[in-house]
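Single-structure report; data block below.
We did not get these values from a lab; they are worked out from the coordinates using the rules stated. Keep in mind it's a predicted model, so treat the numbers as computed, not measured. Methodologically, a virtual Cβ is constructed for each residue, glycine included, from the backbone with ideal geometry; neighbour enumeration extends over all protein chains shown.
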Amino acid sequence: MLEEEIGGRLAAQRLTLAVAESCTGGLLGHRITSASGSSAYFVGGVIAYANDVKVRELGVPADALAKDGAVSEPVARHMAEGVRERLRADIGIGITGVAGPEGGTESKPVGLVFVAVAGPKGAVAGRFQFGGDRAAVKTAASEAALEMLTQYLQQ
């Protein structure tokens with residue numbers, strides 16, 4: 001199970017993790033805490049669905065939301081960096097996207113997700129386009145975040 005592998009890597013490297021989730025609504029945090037012993041490395045998360053929560057709780061600049069929109073790489077990066085700083089974790093993950101079935105546009109269709117991982121080695125971000133219904137998009141987004149974290153920890 002990917003969650004257990006990540007937990008082993010975080011524990012071995014003595015790193016802590018925090019998550020900032022929008023479109024996944026807490027699914028990533030749920031998956032991470034499904035691994036036994038996760039309290040040793042997982043400090044918590046923020047479900048920042050509304051833009052004002054992204055600004056107030058995560059420090060996402062309002063001008064980034066106005067310029068790029070909530071579903072964007074810059075906002076995912078700000079979310080990852082903000083949750084890392086505010087929850088005092090070594091690594092932060094930010095996820096934002098359009099889970100659907102409504103809410104998509106031509107430039108930001110349903111299934112578009114941005115994931116960012118920020119930590120002591122800097123930050124990385126990815127853009128993904130997932131298919132399927134709302135549950136499938138949420139699951140695929142959480143899986144992509146776990147895979148990105150795995151790659152980050154292997155660097």
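So the values come out like this:
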{"quantity": "Residue in the range 30-88 that is farthest from the chain's Cα centre (by Cα), counting only those that are acidic (Asp, Glu) and surrounded by fewer than 20 Cβ atoms within 10 Å (Cβ to Cβ)", "calculated": "63"}
{"quantity": "Scope the range 104-119; condition free of Cβ contacts under 8 Å to residues at least 60 places away in the same chain and part of a strand (DSSP E or B); matching residues", "calculated": "112, 114, 115, 116, 117, 118"}
{"quantity": "Inter-residue pairs, beta-carbon under 6 Å, first of a type in the set (Val, Ile, Thr) and in the range 37-60, second in a strand (DSSP E or B), 6+ apart", "calculated": "43/18; 46/20; 47/21"}
{"quantity": "Failed item in (1) closer than 19 Å to residue 139 by Cα; (2) of a type in the set (D, E, K, R); (3) surrounded by 15 or more Cβ atoms within 10 Å (Cβ to Cβ), with residue 102 passing the rest", "calculated": "(3)"}
{"quantity": "Enumeration of residues in the range 46-81 that are assigned to a loop (DSSP other than H, G, I, E, B), under 21 Å from residue 138 (Cβ atoms) and not hydroxyl-bearing (Ser, Thr, Tyr)", "calculated": "48, 50, 60, 69, 70, 71"}
{"quantity": "Residues of the range 120-145 that turn out to be surrounded by fewer than 20 Cβ atoms within 10 Å (Cβ to Cβ), part of a helix (DSSP H, G or I), aliphatic (A, V, I, L, M) and touching a residue at least 40 places away in the same chain (Cβ under 8 Å), as a count", "calculated": "0"}
{"quantity": "Tally, over the range 6-24, of residues that are farther than 19 Å from residue 86 by Cα, in contact (Cβ under 8 Å) with a residue 12 or more places away in the chain and surrounded by fewer than 22 Cβ atoms within 10 Å (Cβ to Cβ)", "calculated": "3"}
